[in-house]
Amino acid sequence: MENFWHCLEQLPGLVAVPATWRLGSGEQFDFVRPALLRAGNSTASSFPCPNGCGCAHRVVERDGGSFVAVCECESWNCEDIPLTRDDVALLELNWSKLGRAVTKAFGCDVRETDFGLASTKQIASFASAALPVVLTIQHEREDFLNVVAQLVARLRERFILLAPTSRWLDANAQALLANAHAGFFDLHSHVELTRNGLRAKKSAGELFSLFLPQMKDAATDDEARGLFALVKAMNPDGKVVLAPHLDVFRLYCVEQLSRNQIAERCGCVPSLVSLRFRELEKKLHRPMKSLRTLSDQFERIGDSLADSRAEHIHRKNAIDESDSDDRD
């Protein structure tokens, strides 16, 4: 089956006529075109032969603004193909739209940086460590390996590398990435194209957390209280939602329940719990797995908050009783 991710690695320059994009993307072309492609500033000089002979027809403009694709292959001598201006208008990949769509799907923060490397850009950062998330689209194995080597040399730190597929990932590239403690993920395996946009099968927290610098435990109770406050603010008072963020946070980070156990406790499907995880990670800028290591501290903070509220209520009642005695 034709696939947009494979198509990206088969189109040098990432520019082609609509017919070529459609041939490579298959059924995905109808929602890829408006979402991830844009019209270029020129028309094509050639058009792919529909007979599969492997040659390209020369595009000739006729009087009146119409076009025709003329076969120049002596062996096949295919018939001329009448074309419209839209047929020969070049479409190119919209890097910004693709980068933002991938970033949103994983739940990362948008951060665009151009390294000066061919078809390679930082599109996002992940967690409070601002782990760079880089996208590269290459068409040859040697070019891919060169990009990996350049990134390792320039960044000199951990990063996440994304590519349309794992086609060019060989032992040499893997060794370079491993030495830099960098992670590689292909979009074909981890991101689905839907009519509503891109959807990641797993969140950035689930995939990228292993490549973060060693997370330290919260140093103070104030930090733990701050995290609680951020989570509580995600469900304003009076707004009833299924699987509230605070409940999911407590069940996972304090009670150490699994995703399915949380779904059962909250009376929802596991996919909604996964959505809450992604929303919490984006809000807190920390992966859920790292927060779970702070369960003892969160439990202590929760107990102290409860004790504080109880003490406040007791004091208030004592004051009220004192006032009542004075009035008598």
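The values are calculated or read from the model by the stated rules, or taken from the named source; none is laboratory data. Everything numeric in this text was worked out from a predicted model, so none of it was measured. Counting neighbours? That spans all protein chains shown, and the Cβs are built from the backbone with ideal geometry, glycine included. Quick note on the areas: whole protein, heavy atoms, side chains included, nothing else; ligands and nucleic acids left out. Shrake-Rupley method; radii C 1.70, N 1.55, O 1.52, S 1.80 Å.
So is GLU9 buried (at least 18 other Cβ atoms within 10 Å of the Cβ), among the charged types (D, E, K, R) and within 40 Å of the chain's Cα centre (by Cα) or not? In short, yes.
Part of a helix (DSSP H, G or I), touching a residue at least 24 places away in the same chain (Cβ under 8 Å) and under 25 Å from GLY13 (Cβ atoms) - does that describe any residue in the stretch 173-181?
Quick first cut of the stretch 173-181, residues part of a helix (DSSP H, G or I) only: 173-179.
Narrowing the set further to residues that are touching a residue at least 24 places away in the same chain (Cβ under 8 Å) leaves 173, 176-177, 179.
Now restrict to residues that are under 25 Å from GLY13 (Cβ atoms): 173.
Yes: one or more hits.
Total residues in the stretch 146-187 satisfying the condition of being touching a Pro at 6+ places or on another chain (Cβ under 6 Å) and open to solvent by 40 Å² or more (accessible area, probe 1.4 Å): the figure is 0.
So, of the residues in the stretch 211-232 that are exposed (fewer than 11 other Cβ atoms within 10 Å of the Cβ) and within 30 Å of ALA180 (Cα to Cα), which turns out to be modelled with the highest pLDDT? Per the stated criteria, the residue is GLN214.
Considering only residues in the stretch 114-138 that are without any contact (Cβ under 8 Å) to a residue 40 or more places away in the chain and of a type outside the set (A, V, I, L, M, F, W, C), the one that is most open to solvent (accessible area, probe 1.4 Å) turns out to be ASP114.
Looking only at the stretch 15-45, how many residues end up being more than 26 Å from CYS71 (Cβ to Cβ), among the basic types (Lys, Arg) and in a helix (DSSP H, G or I)?
If we filter the stretch 15-45 for residues that are more than 26 Å from CYS71 (Cβ to Cβ), which is where we start, we get 27-28, 30-39, 41.
This time we only want the ones that are among the basic types (Lys, Arg), so: 33, 38.
Checking which are in a helix (DSSP H, G or I) leaves us with 33.
Number of matching residues: 1.
Before we move on, is SER45 of a type in the set (Ser, Thr, Tyr) and either buried (at least 17 other Cβ atoms within 10 Å of the Cβ) or touching a helix residue (DSSP H, G or I) at 6+ places or on another chain (Cβ under 7 Å) (or both)? Taking the combined requirement at face value, the residue does not satisfy it.
For the stretch 79-99, what are the residues that are open to solvent by 30 Å² or more (accessible area, probe 1.4 Å) and either within 11 Å of LEU135 (Cβ to Cβ) or among the polar types (S, T, N, Q) (or both)? Passing the criteria: THR84, TRP95, SER96.
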